[in-house]
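To start, the structure under review is shown below, and the notes come after it.
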Amino acid sequence: MRPAPPQRLSPPDSSPVPQAGAGPALEVESRASLRAFNTFGLPAFAQTLVHVRGVGDLKRVVDHPSYGRAAKFILGGGSNVVLTRDVNAVVLKVEIMHRHVVEERPDAWIVEAGAGENWHEFVAWTLEQGCPGLENLALIPGTVGAAPVQNIGAYGVELKDRFESLETLDLITGRQVTLDASACRFGYRDSVFKRHLAGKSVITRVRFRLPRPWAPVLGYLELERKVAETGIARPDARTIFDWVCAIRRAKLPDPVAIGNAGSFFKNPVVSAEQCRDIIGRDPEIVHYPLPDGTVKLAAGWLIDACGWKGKTVGRAGVYERHTLVLVNRGGAHGSEVVTLARAIQESVYGRFGIRLEPEPVIV
Ligand code: EPU
């Protein structure tokens with residue numbers, strides 16, 4: 001790896017970042033295989049792949065005579081993408097690494113990481129630093145920079161609940177901009193980066209606000225069960241981290257062993273009336289009333305009810321222990337994953353009249 005001398009930016013962005021401007025040449029690969037860079041393990045090639053190790057590399061891309069004007073595809077940990085074809089856009093593989101505790105305020109710990117840091121390792125590191133608050137989000141695959149893109153969430157906590165700000169680089173102007181939560185327009189597995197900033201702006205680092213005093217979030221059914229099973233009524237953050245890892249390992253496949261992209265579909269939100277109608281026909285449906293009067297349905301339950309658990313179509317399949325997770329049974333092509341996903345969508349629509357929306361980006 002090339003050395004990346006730290007530099008101080010003016011406040012509020014006073015943390016070290018790899019140096020911008022003049023520096024070593026871009027590290028570029030032609031016709032690079034993306035198989036190892038997507039957690040589904042799907043075969044695809046990037047015509048041009050740039051390893052982005054710092055903000056300076058991004059500036060060099062913007063100023064480059066041919067890459068500057070070309071379409072861009074931003075790749076983090078590849079945990080939320082289904083590659084069905086080769087990528088002609090310039091693939092920017094974000095590998096910006098740094099992490100540090102920025103500030104210990106009376107009301108919060110402020111921590112920050114480069115966009116290329118592995119999310120789970122970062123969560124574990126914050127706990128080691130004595131900064132709890134991200135433990136419910138343990139073991140989510142992907143990078144720190146990808147986390148805000150889909151506002152990752154699990155076990156009662158969403159990224160937006162622990163977010164302070166992030167820094168982006170505009171791929172047209174090369175300008176660095178700091179965005180707060182309202183500018184990111186976080187929604188359920190959604191943000192501005194999945195919408196009008198997609199492919200236009202690269203997240204280079206993310207800053208988190210972890211509230212003090214720390215309070216556990218234990219409202220999720222499976223965590224309540226752990227409290228009952230262990231008799232630990234007041235677990236510390238490390239215990240919750242271990243519980244979340246155990247819960248996830250028990251029902252979600254490890255992408256290193258079985259290619260997958262986590263939940264493949266979002267949990268659909270329907271009106272109270274629509275939900276009553278479905279309950280009339282299927283009283284056991286798993287549903288969660290939301291504060292605004294709408295109801296979130298468990299997509300996993302809907303898919304299960306249609307008989308998909310453990311099924312295989314081509315070389316893609318539905319995971320045996322969780323129907324929301326589609327898996328690569330070995331050597332699958334992206335189109336096989338998409339074919340399976342469409343078949344699931346059709347059967348859920350046929351039985352319940354609900355359109356399931358994929359969570360990953362399909363390329
Ligand atoms: N269910 C079934 N059959 C299944 C799977 C689930 O009937 O095969 C039912 C379960 O009985 C359960 C309900 O569906 O009552 C919900 O399942 P689970 O608790 O596993 O949560 P989820 O709604 O499927 C969401 C997130 C996960 C996150 C968990 C825990 C989405 C799309 N998924 O899953 O996030 O880890 O809650 O908070 O919101 C991800 O986004 O990649 C992801 C894994």
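The values are calculated or read from the model by the stated rules, or taken from the named source; none is laboratory data. Just so you know, these numbers come straight off a predicted model, no measurement behind them. We place every Cβ from the backbone using ideal geometry, glycine too, and count neighbours over all the protein chains shown. Heads up: the accessible areas ignore ligands, DNA and RNA and are worked out on the full protein's heavy atoms, side chains in. Shrake-Rupley method; radii C 1.70, N 1.55, O 1.52, S 1.80 Å.
Take the range 102-115 and flag every residue that is open to solvent by 30 Å² or more (accessible area, probe 1.4 Å) and assigned to a loop (DSSP other than H, G, I, E, B).
Within the range 102-115, R105, P106, D107 meet the criteria.
Answer yes or no as to whether F40 is among the aromatic types (F, W, Y) and open to solvent by less than 40 Å² (accessible area, probe 1.4 Å).
Taking the combined requirement at face value, the residue satisfies it.
To keep it simple, each residue is scored yes or no on (1) farther than 21 Å from A154 by Cα; (2) away from the ligand (no atom under 16 Å from the Cβ); (3) assigned by TED's automatic domain parsing to the domain that holds N151; (4) at pLDDT 95 or above.
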| residue | (1), (2), (3), (4) |
| --- | --- |
| E104 | yes, yes, yes, yes |
| A113 | no, yes, yes, yes |
| H120 | no, no, yes, yes |
| V123 | no, no, yes, yes |
| T126 | no, yes, yes, yes |
| Q129 | yes, yes, yes, yes |
| P132 | no, yes, yes, yes |
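Considering only the range 74-101, how many residues are surrounded by fewer than 20 Cβ atoms within 10 Å (Cβ to Cβ) and assigned to a strand (DSSP E or B)?
5
If I filter the range 170-185 for residues that are in contact with a strand residue (DSSP E or B) (Cβ under 7 Å, 6 or more places away or on another chain) and either modelled with pLDDT under 95 or within 16 Å of the ligand (Cβ to nearest atom) (or both), do I get at least one hit?
No - not one qualifying residue is present in the range 170-185.
Go through the range 141-197 and report how many residues are of a type in the set (A, V, I, L, M, F, W, C) and part of a strand (DSSP E or B).
Qualifying residue count, the range 141-197: 7.
Checking N136 against (1) assigned to a loop (DSSP other than H, G, I, E, B); (2) within 16 Å of the ligand (Cβ to nearest atom); (3) not small (G, A, S), which test does it fail?
Of the numbered conditions (1) assigned to a loop (DSSP other than H, G, I, E, B); (2) within 16 Å of the ligand (Cβ to nearest atom); (3) not small (G, A, S), the odd one out for N136 is (1).
Does R60 fit the bill of being open to solvent by 40 Å² or more (accessible area, probe 1.4 Å), under 22 Å from the mean Cα position of the chain (by Cα), modelled with pLDDT of 95 or more and on the phi < 0 side of the Ramachandran plot?
Answer is no for this residue.
Filter the range 225-243 down to the residues that are free of Cβ contacts under 8 Å to residues at least 24 places away in the same chain and open to solvent by less than 10 Å² (accessible area, probe 1.4 Å) and list them by number.
P235
Pairs under 8 Å by beta carbon, first residue assigned to a loop (DSSP other than H, G, I, E, B) and more than 16 Å from the ligand (Cβ to nearest atom) in the range 317-342, partner open to solvent by 40 Å² or more (accessible area, probe 1.4 Å) and basic (K, R), six or more apart or different chains?
Hits for this filter: R329/R315; G330/R315; G331/R315; A332/R315; H333/R315.
Which of the residues spanning the range 185-230 are within 30 Å of A71 (Cβ to Cβ) and either touching a helix residue (DSSP H, G or I) at 6+ places or on another chain (Cβ under 6 Å) or aliphatic (A, V, I, L, M) (or both)?
Once the filter is applied, which keeps residues that are within 30 Å of A71 (Cβ to Cβ) and either touching a helix residue (DSSP H, G or I) at 6+ places or on another chain (Cβ under 6 Å) or aliphatic (A, V, I, L, M) (or both), the range 185-230 yields R185, F186, S191, V192, L197, A198, V202, I203, T204, V206.
Output the residue which, of all residues in the range 192-219 that are in contact with a Lys or Arg (Cβ under 6 Å, 6 or more places away or on another chain) and over 23 Å from R248 (Cβ atoms), is surrounded by the fewest Cβ atoms within 10 Å (Cβ to Cβ).
Out of the qualifying residues, it is G199.
Can you go through E158, E128, E222, E121 and tell me which one is crowded, with 17+ Cβ neighbours inside 10 Å and among the acidic types (D, E)?
So the residue among E158, E128, E222, E121 that is crowded, with 17+ Cβ neighbours inside 10 Å and among the acidic types (D, E) is E158.
Here are some conditions: (1) under 29 Å from V338 (Cα atoms); (2) of a type outside the set (A, V, I, L, M, F, W, C); (3) open to solvent by less than 50 Å² (accessible area, probe 1.4 Å). D254 meets all but one. Which one does it not meet?
Of everything listed in (1) under 29 Å from V338 (Cα atoms); (2) of a type outside the set (A, V, I, L, M, F, W, C); (3) open to solvent by less than 50 Å² (accessible area, probe 1.4 Å), D254 misses just condition (3).
Given the criterion of a type outside the set (F, W, Y), at positive phi and open to solvent by 40 Å² or more (accessible area, probe 1.4 Å), identify the matching residue among G280, G314.
G314
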